[in-house]
Structure formats: structure tokens, C-alpha cells
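The values are calculated or read from the model by the stated rules, or taken from the named source; none is laboratory data. Predicted model only: the values in this text are computed from it and were never measured. Note that we place each Cβ from the backbone using ideal geometry, even for glycine, and neighbour counts take in every protein chain shown.
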Amino acid sequence: MENTIEQSKKSIKLIVWGVVVFVLILVILSVLWKYNSLVTMDEWVNTAWSQVENQYQRRYDLIPNIVASVKWETNFEKSTLEAVVQARASATKTTIDVNNVDEIAEFQKEQTWISQALSKLLMITENYPTLKSNQWFSELRTELEWTENRISTERMRYNEKVQEYNVYIRQFPTNLLASIFWFEKKNLFENSEKASEVPVVEFEKMN
């Protein structure tokens, strides 16, 4: 009888330990899965930001060609060209950590300056028939228009990835794991009030 009771106790202990081990395995697997998900989403955000930077770099690369195509035009406003060149030079010197809200704001301000300078330059070129009929300049304008559209698209995609990531790290129990491994909230890349006032660059010919 005593042997039977002892065997029953041992069986119960084995079952309890089995359940405990099973639960621990589930917890460990869940933690690993959530951690890997955090890493994956963090990389998605970084990749999306890289695409934003690529499109801004494309705009930087176009500017020297645009300036070169108009600077020999007789009586073209020198101050306008200088504003574009200076805006580009300033922007290319700006380093940015996408996790630093102040650096994002500074980067946005630099891009706003470029947009304003380019907008003025392109509007002025409408007063020069030879420029409007220049095929190289026309192709540059078209490429710049495409680039501006890509910038807008990639910024939107970046913000979507940031929103997904930010929501995920706030959910329980992911928020606990995120705090332990220093997964912090990401910053959206949004227009400031000043940026929203930048005149829209129109690429169609003015009457």
C-alpha cells in the first residue's frame, strides 16, 4: 500500500515537473519569437529609412546637372542658382540619426530649403524659351519630378513601418520585452509647419 502511495506521489511530481518544463519551454519560445519579431520590424524601419535617404541622395545628384544646364543662360538670376547650390551643400553636411527627433527636424528643415530654392529656380526658367526647349533640361525636370514623387512615396512607407513598429512594442507583453532589450519608440518623418508652407513645385509649363 505504501509503495503504491509513493509511486503515486512520484507520478504526480513527474507530471508537475513535466508541466512546469513544458510551460517554461513555451515561455522561452514565445520570448524568442517576440524578440526576433522586434529585430525584424526594427530592420524594416531601418530599410525603409534607407530608401528615403536614397531618394534624397538622388535629388542631391540631380541638382548640379540642373544648375549646370541653366547657369550659362544669359542674365539668369545668379542669386537663385547660388541659393540652390548653398541649400544642397548645407543639406549634404547634415548627419542624421533617425532615432533623434532633433536631427530629423534639422534634416527636414534642410530639405525644405532645397525645395524652396528649386521651386524658385524652376519657376524662373519659364521665362527663358531656350531653356524650355532644351531637351537635356527637360529630361532633368522630368527626372526631378519623378524623384520628388519617389521621396513622397518612400517617406509614406517609412512612416507606415514606424507606426507598425511603435504599435507592436506597446502591446502587452511585447512592451516588457522591448523595455528589457532597449527597443525604443521610433520617430515619424513628418512635415513641420514651416515645411508644409513650401510652395508646390510645378513641372508643367506655365502659360
Mind checking which pairs have a first residue in the stretch 75-93 that is more than 9 Å from Ile114 (Cα to Cα) and a second that is in a helix (DSSP H, G or I) and modelled with pLDDT under 85, Cβ under 9 Å, 6 or more apart or different chains? Phe76/Leu131
Kindly indicate whether any position in the stretch 199-206 is modelled with pLDDT under 90 and either crowded, with 17+ Cβ neighbours inside 10 Å or of a type in the set (Gly, Ala, Ser) (or both). yes
Go through the stretch 9-62 and give me each residue that's surrounded by 12 or more Cβ atoms within 10 Å (Cβ to Cβ) and more than 30 Å from Thr94 (Cβ to Cβ). Ser30, Val31, Lys34, Tyr35, Ser37
Looking for something of a type in the set (Phe, Trp, Tyr), touching a Ser or Thr at 6+ places or on another chain (Cβ under 9 Å) and either at pLDDT below 90 or in a helix (DSSP H, G or I) (or both) - is there at least one such residue anywhere in the stretch 166-185? yes
Filtering the stretch 141-161 down to residues that are basic (Lys, Arg) and surrounded by fewer than 19 Cβ atoms within 10 Å (Cβ to Cβ), which residue is nearest to the chain's Cα centre (by Cα)? Arg157
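Residue by residue, here is whether (1) surrounded by 14 or more Cβ atoms within 10 Å (Cβ to Cβ); (2) out of contact with any Lys or Arg (no Cβ under 6 Å at 6 or more places or on another chain); (3) part of a loop (DSSP other than H, G, I, E, B) holds:
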{"residue": "Asn75", "(1), (2), (3)": "no, yes, yes"}
{"residue": "Ser79", "(1), (2), (3)": "no, yes, no"}
{"residue": "Asp97", "(1), (2), (3)": "no, yes, yes"}
{"residue": "Lys109", "(1), (2), (3)": "yes, yes, no"}
{"residue": "Leu131", "(1), (2), (3)": "yes, yes, no"}
{"residue": "Trp136", "(1), (2), (3)": "no, yes, no"}
{"residue": "Glu139", "(1), (2), (3)": "no, yes, no"}
{"residue": "Gln163", "(1), (2), (3)": "no, yes, no"}
